[in-house]
1. What are the pairs, 6+ residues apart or on separate chains, where a residue within the stretch 122-144 that is open to solvent by less than 50 Å² (accessible area, probe 1.4 Å) has its Cβ under 8 Å from a residue that is in a helix (DSSP H, G or I) and of a type in the set (Ser, Thr, Tyr)?
2. Criterion first (crowded, with 24+ Cβ neighbours inside 10 Å and either touching a Lys or Arg at 6+ places or on another chain (Cβ under 9 Å) or aliphatic (A, V, I, L, M) (or both)) does Leu179 satisfy it?
3. May I ask you to verify whether Gln146 is out of contact with any helix residue (DSSP H, G or I) (no Cβ under 7 Å at 6 or more places or on another chain), modelled with pLDDT of 90 or more and over 19 Å from Ile226 (Cα atoms)?
4. So which helices (runs of 4 or more DSSP H) are wholly in the stretch 1-91 and hold at least 3 residues that are more than 30 Å from Arg128 (Cα to Cα) and at pLDDT below 95?
5. Scan the stretch 46-76 for residues that are open to solvent by less than 80 Å² (accessible area, probe 1.4 Å), over 24 Å from Phe87 (Cα atoms) and β-branched (Val, Ile, Thr) and jot them down.
6. What about Val215, is it at pLDDT 85 or above and crowded, with 23+ Cβ neighbours inside 10 Å?
7. Considering every residue within the stretch 156-179, establish whether at least one is farther than 25 Å from Met95 by Cα, among the basic types (Lys, Arg) and in contact with an Asp or Glu (Cβ under 8 Å, 6 or more places away or on another chain).
8. Quickly run through the stretch 169-224 and pick out the residues that are under 20 Å from Gln146 (Cβ atoms), among the basic types (Lys, Arg) and in a helix (DSSP H, G or I).
Amino acid sequence: MTSLFPGAAQRLSPLATIPADPTAHRLLAGQSIRGRLIKRTGDILFSLLVLGLGAPVFLVLAVVVKLSSRGSVFYVQRRIGRGYKSFGCIKFRTMRKDADRHLASVLASSEELRAEFARDFKLKADPRITPIGRVLRRSSLDELPQFLNVLKGQMSVVGPRPIVWDELERYGRSMDAVLAVRPGMTGLWQVSGRNNLSYPNRVRLDLHYARNRTVWLDLQIILRTIGVVLFPRDRGAY
C-alpha cells in the first residue's frame, strides 16, 4: 500500500505526542478568508460539474439500489461537521432496510464482531450489506450523493473524515483542530488505506490535513481518489 506521503505512517505514529490545540471556534476565526473563499468556490464548481455530467450515472445507481432490495434509495446518517454542527450525511443505501435495528443482534451473535465494531465502528464482513451495496462501497460510488452535502456547505470535496458522535472521544483534544474545517468526501485516510489503517493513525491523518491543508494537497488527494474509484482494489473500503 503506497501512502500519499512517504513515511507518513511513521511520522503520524499512534505514539506521537499531539500538542494541545485552540478551540475549533478560535481556529475558525483565525483562518484566511481568502483561502476559505477559494476552497468553497472550488467545492461548489466541482460539485456542480460532477452532478451535472454524472446525472445519468446517479440515475442508474438509484434504480439499481431500488431494485436490488427493499428500502429507500438513500441512507442519511447524522455526522459531525465544522464547528461541531450536526448534519445528515447522504449516501446511496448499501444495507438492508432494517440495518440499524439489526445491528444489535449481529453484534450479540459474536464476541469477535463486537470487538471489531468497538475498535473500528465498522464490520469488514457486515452481514447487513446487500450484494450491490458491497460493490458500491468497494468503489466508493455510494458516497456520490454527498456532493449535495458539499453544495449545502456541510462538507467539502476534500477534508477530514465525517465522523459520528460516538467516535468523538477517540479524537480527544485533536477534535477542535479537525472540526475547524469541513469534513470531506475524500481525504488523506481514504487514499492512504482507509479502514486498513489503525484508528489512531486515521485520527493523525485527519489532524495532519487540518493543520497542513493547501490547494495543491487537495488536488493531489482528488487525483489519487479518482484512481481509487476507477481501480477499486483492496484499499480498505468496506
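The values are calculated or read from the model by the stated rules, or taken from the named source; none is laboratory data. Just so it is clear, the model here is predicted, and its values are computed rather than measured. Positions of Cβ are generated from backbone atoms using ideal geometry, with glycine treated the same way; all protein chains shown enter the neighbour counts. When the accessible area is computed, the model is the full protein with side chains, heavy atoms only, and any ligands, DNA or RNA have been set aside. Shrake-Rupley method; radii C 1.70, N 1.55, O 1.52, S 1.80 Å.
1. Thr130/Ser68; Ile132/Ser68; Gly133/Ser68; Ser140/Thr225
2. Here the answer is yes, as Leu179 does meet what is asked.
3. Here the answer is no, as Gln146 does not meet what is asked.
4. 8-11, 24-29, 33-53
5. Matches in the stretch 46-76: Val57, Val63, Val64.
6. no
7. Yes, the stretch 156-179 has at least one match.
8. Arg194, Arg202, Arg224
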